[in-house]
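First comes the structure, then the notes that go with it.
The values are calculated or read from the model by the stated rules, or taken from the named source; none is laboratory data. A quick note: this is a predicted structure, and the numbers were derived from the prediction, not measured. Neighbour counts are summed over all protein chains in view; Cβ atoms, including those assigned to glycine, are modelled from backbone coordinates with ideal geometry. For accessibility, only protein heavy atoms count, side chains too; no ligands or nucleic acids. Shrake-Rupley method; radii C 1.70, N 1.55, O 1.52, S 1.80 Å.
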Amino acid sequence: MNTSDTHNQRMANMTFASVYPMYVAKVEKKGRTIQELHQVISWLTGFDDQMLQELIMEKVTFEAFFQQATLNPNAQLITGTICGYRIEEIENTLTRQVRYLDKLVDELAKGKKMDKILRG
């Protein structure tokens, strides 16, 4: 699926710090914990809690966030639809990585078991 250059640029320039509180609110509203959210983010990116906090404090863009990440080799197993886009069909690498994270947060909020979310 081809996303527009404008859409891809908007994703690249969005800060992780601006989206993180929404991730927290979404999972907590559904009875999940920040620790579980961090576990999911860590699985995808390789970031520990300290690094996550540093990235939030630095207000890094998603582009910088994913440049510093060590993407899990099983990330390509994340499939399905998020925000109207079929993840596996998104051609722009960064936009696909952001959507991977969105999909994992959605699955956590929907009550999926952690081993399923982490593609275990």
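Within region 1-14, take every residue that is open to solvent by 50 Å² or more (accessible area, probe 1.4 Å) and touching a helix residue (DSSP H, G or I) at 6+ places or on another chain (Cβ under 8 Å) and give me the one that is nearest to Asp106 (Cα to Cα).
By that ranking, first place goes to Met14.
For region 15-43: of the residues being touching a residue at least 60 places away in the same chain (Cβ under 8 Å) and not in a helix (DSSP H, G or I), which is surrounded by the fewest Cβ atoms within 10 Å (Cβ to Cβ)?
Gly31
Can you tell me which of (1) outside any helix (DSSP H, G or I); (2) surrounded by fewer than 16 Cβ atoms within 10 Å (Cβ to Cβ) is the one Phe47 doesn't meet?
(2)
Restricting attention to region 51-86, and to residues there that are over 20 Å from Tyr20 (Cβ atoms) and assigned to a helix (DSSP H, G or I), which single residue is least open to solvent (accessible area, probe 1.4 Å)?
Applying the filter and picking the extreme gives Asn74.
If I filter region 87-120 down to residues being free of Cβ contacts under 8 Å to residues at least 40 places away in the same chain and assigned to a loop (DSSP other than H, G, I, E, B), which single residue comes out as most open to solvent (accessible area, probe 1.4 Å)?
Lys113
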